[in-house]
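Below: the structure, in structure tokens.
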Amino acid sequence: MTAVAEPDLKHELRALDAAHFLHPFTDHAALAAKGVRVITRAEGIWIWDADGHRILDGMSGLWCVNAGYGRRELAEAAYHQMRTLPFYNTFFQTTTEPPVRLARRLTELAPPVDGRRFTHVFFTSSGSEANDTHVRLVRRYWDLMGQPQRKVIISRWNAYHGSTVAAASLGGMRAMHEQGDLPIPGIVHIEQPYYWQHRQPGETPEAFGVRAARWLEEKILEVGPDKVAAFIAEPVQGAGGVIIPPSTYWPEVQRIVERYGILLISDEVICAFGRLGHWFAYERFGIKPDLVTFAKAVTSGYVPLGGVLVGERVARVLVEGGEFTHGYTYSGHPVACAVALANLDLMQRERLPERVRDDTGPYLAERFATLADHPLVGVAESCGMVAGLILTRDKATLEPFPEDWEVGLLCRQHCFDTGVVMRAVGARMIIAPPLVMTRADIDVMIDLIRRALDATWADLQRQGRV
Ligand SMILES: *Cc1c(COP(=O)(O)O)cnc(C)c1O
């Protein structure tokens, strides 16, 4: 398709946007000074802006368009469902076909842990709502178990679990906590397993992984083991900057949660649906969660849908426990669930999780690692189809650039200008590209990233900063 610039549309939308649109996670003064970027269409792994520029979407929208853009099957599934039954609720002893089929499908896709299956699904419209659901669900579980004093949920600093009051509290983003008196009571945090930040001199990643997991045990003992309801964590932290834990971390966490009998919640809003080369990431790390959060790629982002996968241990108690007074108008929305079913069909047909595990994931790892020879880059690491690199002044110590230099934002801008979307998280530049990428696409992406790094480096040299 040819690139068509739409300057009039851009100017009109920019003016209207500035006048009326309160954006999520946006500094509006900075945005007004620069003018918002208008995206007009997308196909495959590419997006187009209103200037007609074609940009490789290295972030899959916002970690969600795993099947790529322009998938006809997904649009048709939505259309047919809207014609048949656009909405009906699932409260008050009623159901519709798509959420039933999807609940069944998800419980089949999720492998059992220690012979225990995930038997039930609670649907929401987002990851935040799903994590809110956990807060109520685990407390309800412990009430029904006759241990109502178990209320505390342990999470991690720099985790991202969403943006509602409870989800932002579960998250460990200090900038979010500072606005609105968060976290709410009953949620406490431990340090993240980020080797490059917390390693001690001479410490191996494996030794660090065990030490980091023990922070959980220390916190449990500090709070009181009989007061802890659950531990929640992302298998690989996404929005925190693609923080990949050492291989020893999760097995030790697993030992600890079992020792104290607390529930384990795996927030797989990013990591599930092939992102790390498996349908669910707990498989990859040998985690045995009681509850799993999903959202984003369950529909490849085409329509909003999220939910909670509930394992036998909790489901049995909830099902026998009478009414759980919790639900959303759109819990089990038929159109969202129909699109999810079509998306899972597509991912199964194209074997996307297997492709990531056996082919494109290892290839990305190999190619992404080559970026570590760039003068700006300290570490370049990946896991499945997420990857992150550290921008540094000193490749030996990984010393970051002074924060007010805003090197990450400069690099992000060069990425856009070069034609690839990367996200900047502090000193880390990260990607999570669509899973439909081929090896040739990966080559193109790595090339674009290298050119953006070169342009950033040239700027810093011109400014006398390196
Ligand atoms: C995006 C995200 C959420 C929040 O999902 P929303 O749909 O934005 O509410 C929760 N957890 C993780 C790990 C996420 O990446």
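Readers should treat all values here as calculations from the given coordinates under stated rules, not as data from a laboratory. Since the structure is predicted, the reported quantities are computational estimates derived from the model, not experimental observations. All Cβ positions, even for glycine, are placed from backbone atoms using ideal geometry, and neighbour counts span all protein chains on display.
For region 293-400, what class follows from the C-alpha gyration tensor (a ≥ b ≥ c being the square roots of its eigenvalues): rounded when a/c is under 1.5, otherwise prolate if a/b is larger than b/c, else oblate? Could you put the intermediate results ahead of the total?
Details: a/c = 2.88, a/b = 2.02, b/c = 1.43.
Cα axes put region 293-400 in the prolate bin.
By the gyration tensor of its Cα atoms, with a ≥ b ≥ c the square roots of the eigenvalues, what is the shape of region 128-222: rounded for a/c under 1.5, prolate for a/b over b/c, or oblate?
Taking the square roots of the gyration eigenvalues as a ≥ b ≥ c, region 128-222 is oblate.
How far is it, in nm, from the label point at residue 165 to the one at residue 258 when both lie 7 Å from their Cα along the line to the Cβ?
3.8
Just the number, please: percent antiparallel of the DSSP beta bridges in the chain, rounded to the nearest 5.
Bridges in the chain are about 70 percent antiparallel.
If you wrap a convex hull around the alpha carbons of region 343-466, what volume per residue comes out, as a whole number of Å³?
Details: hull volume 12.3 nm³, N = 124.
Residue-normalised Cα hull volume stands at 99 Å³.
Report the normalised scattering of region 1-160 as log10 I(q)/I(0) at q = 0.09, 0.14, 0.18 Å⁻¹, calculated by the Debye formula with identical scatterers on the alpha carbons.
-0.56, -1.12, -1.31
Long-range amide H contacts for residue 191: which residues qualify at under 5 Å (H placed 1.01 Å from N, peptide plane, sequence gap of 5 or more or a different chain)?
Long-range HN contacts for residue 191: 157.
Determine Rg/Rh for region 171-313; Rg is computed over alpha-carbon atoms and Rh is the Kirkwood hydrodynamic estimate from the same atoms. Let's see the in-between values first.
Working: Rg = 15.5 Å, Rh = 16.2 Å.
In region 171-313, Rg relative to Rh is 0.96.
Which order do 194, 260 fall in if you start with the one that has the fewest other Cβ atoms within 10 Å?
Numbers: 194 21, 260 14.
Ranking 194, 260 by Cβ neighbours within 10 Å, fewest first, gives 260, 194.
Hey, what number do you get for the chain at 222 nm if only DSSP H runs of n ≥ 4 count, each worth -39500 (n - 2.57), divided across all residues, to the nearest 500? Working shown, then result.
On the way: 18 runs with 194 residues, N = 466.
So the helix-based figure for the chain works out to -12500 deg cm²/dmol.
Can you give the percent of C-alpha pairs in the chain whose distance is more than 27 Å? Before the final figure, lay out the partial values.
Details: 60853 of 108345 pairs.
Of all Cα-Cα pairs in the chain, 56 percent lie more than 27 Å apart.
Taking every DSSP beta bridge that has both residues in region 76-349, what percent is antiparallel when rounded to the nearest 5?
Values: 12 of 26 bridges.
Antiparallel bridges: around 45 percent, rounded to the nearest 5.
Expressed in whole Å with the largest first, what are the equivalent ellipsoid semi-axes of region 76-349 derived from the C-alpha gyration tensor as the square root of 5 times each eigenvalue?
Numbers: eigenvalues 190, 88, 60 Å².
Values for region 76-349, descending: 31, 21, 17 Å.
Counting other Cβ atoms within 10 Å, keep those with at most 13, restrict to DSSP loop, and tell me which GluC sites (Glu not before Pro) in region 320-352 are left. All intermediate terms of the calculation are to be shown ahead of the outcome.
Working: sites: 320, 323, 350; in loops: 323, 350.
Taking region 320-352 and a limit of 13 other Cβ atoms within 10 Å, the loop GluC sites (Glu not before Pro) found are 323.
Could you run the Debye sum over the Cα atoms of region 410-466, one equal point scatterer each and no solvent, and tell me log10 of I(q)/I(0) at q = 0.20, 0.25 Å⁻¹, two decimals?
-0.74, -1.02
Out of residues 5 or more away from residue 40 or on other chains, whose amide H comes under 5 Å of its own, with H placed 1.01 Å from N in the peptide plane?
48, 49, 50
For residue 425, enumerate residues with amide H under 5 Å from its amide H, sequence gap 5+ or separate chain, H modeled in the peptide plane.
430
How high is the relative contact order of region 76-349, in percent, counting Cα pairs under 8 Å that sit 6 or more residues apart?
Numbers: 515 pairs, mean separation 78.3, N = 274.
Reported relative contact order: 29 percent.
Determine, for the chain, the count of lysine pairs separated by eight or more sequence positions (or lying on different chains) whose alpha-carbon distance falls under 20 Å.
Numbers: 10/34; 151/219; 151/227; 219/227.
So the count works out to 4.
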